[in-house]
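Working notes, structure below.
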Amino acid sequence: MVGLRHPHVRGLGMTAQRNRKRLVDRLYEEGIRDDRVLKAIGTVQRHRFVDEALANMAYRDTALPIGHGQTISQPLIVARMTEALLEPGPFDTVLEVGTGSGYQAAVLAEIVDQVLTVERIRPLYQRAGRLLRELGYHNVRLRQSDGSWGWPQLGPFERIVVTAGGEQIPDALREQLAPDGVLVMPVGPSGRQELIRLTRHGQDWERESLGLVSFVPLVSDKI
Ligand code: SAH
């Protein structure tokens with residue numbers, strides 16, 4: 001049976017590659033132009049970040065459930081958020097709040113030197129860590145905690161991306177932004193937020209709206 005198994009596995013891999021290519025074409029049609037982002041999405045095996053039962057839907061441009069009431073974000077939104085981080089200029093390190101499946105972290109890890117990512121739900125943190133190691137993303141460092149406090153020991157950060165929506169941007173995250181740093185976060189009530197890009201210019205802050213999005217809530221332990 002070994003002889004049958006191998007081509008079968010390789011066949012699946014080729015289908016996934018074809019589906020990724022189609023997804024990339026679609027993202028291009030939707031306006032994503034940054035080659036680094038398109039290449040990363042064309043590389044990361046999104047089907048590994050969802051349950052096997054959903055693997056056949058992994059390259060559709062939709063959010064999918066990952067358990068514990070959470071979702072892996074829609075590829076177009078992952079692409080937009082990554083572009084929004086890259087557009088102001090190059091950077092080495094990014095802090096992500098809301099690891100979830102680890103997919104957004106993997107997309108970032110394809111592009112930048114170091115990704116730091118924080119997840120509050122232990123089983124998701126553990127599963128993402130195992131998978132990212134297995135896939136060879138050794139430049140991703142994970143932590144289980146309430147990410148609305150950031151990762152103070154490792155800050156300040158050139159870039160921060162929050163992949164869960166909150167009514168406001170947590171003060172701790174603003175404080176951990178380096179000079180000229182950029183933070184991208186969905187801001188507003190659960191399920192209908194505005195994607196905000198906040199840029200620090202010394203004492204001044206520039207706030208831009210990048211359109212409407214729908215994210216699961218940022219659950220914070222603080223009052
Ligand atoms: N970036 C993820 C999408 C995750 S959905 C991906 O690519 O799959 C949002 C995630 O944020 C969920 O896993 C949720 O548990 C997590 N989250 C919500 N509030 C949080 C908080 N305060 N700190 C850290 N993680 C949080």
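With (1) buried (at least 17 other Cβ atoms within 10 Å of the Cβ); (2) within 12 Å of the ligand (Cβ to nearest atom); (3) not in a loop (DSSP other than H, G, I, E, B) as the list, and G181 as the residue in question, which single condition is left unmet?
(2)
Output the number of residues of region 212-223 satisfying the condition of being surrounded by 11 or more Cβ atoms within 10 Å (Cβ to Cβ) and either part of a strand (DSSP E or B) or not hydroxyl-bearing (S, T, Y) (or both).
Here the count works out to 7.
Return a yes/no flag: does region 186-195 have any residue that is touching a helix residue (DSSP H, G or I) at 6+ places or on another chain (Cβ under 9 Å), more than 15 Å from the ligand (Cβ to nearest atom) and within 16 Å of A84 (Cβ to Cβ).
no
List, please: which pairs have Cβ atoms under 8 Å, are six or more places apart or on different chains, and start with a residue in region 87-109 that is surrounded by 24 or more Cβ atoms within 10 Å (Cβ to Cβ) and end with one that is of a type in the set (D, E)?
Every condition considered, the pairs that remain are V94/E158; G98/E119; T99/E119; G100/E119; Q104/E96; A105/E96; L108/E96.
With the requirement that a residue be open to solvent by 10 Å² or more (accessible area, probe 1.4 Å) and part of a strand (DSSP E or B), what does region 192-207 give you?
The answer is E194, R197, T199, R200, H201, D204, W205, E206, R207.
Scan region 37-93 for residues that are assigned to a strand (DSSP E or B) and within 11 Å of the ligand (Cβ to nearest atom) and jot them down.
L64, P65, I66, G67, Q70, T71, I72
Answer yes or no: is there a residue in region 136-156 that is in contact with a helix residue (DSSP H, G or I) (Cβ under 9 Å, 6 or more places away or on another chain), more than 14 Å from the ligand (Cβ to nearest atom) and among the β-branched types (V, I, T).
no
The values are calculated or read from the model by the stated rules, or taken from the named source; none is laboratory data. In this text, all values refer to a predicted model and were calculated from it rather than measured experimentally. FYI the Cβ positions are ideal-geometry reconstructions off the backbone, even for glycines, and counts take in every protein chain you see. We work out accessible area using only protein heavy atoms, side chains counted, and drop any ligands, DNA or RNA first. Shrake-Rupley method; radii C 1.70, N 1.55, O 1.52, S 1.80 Å.
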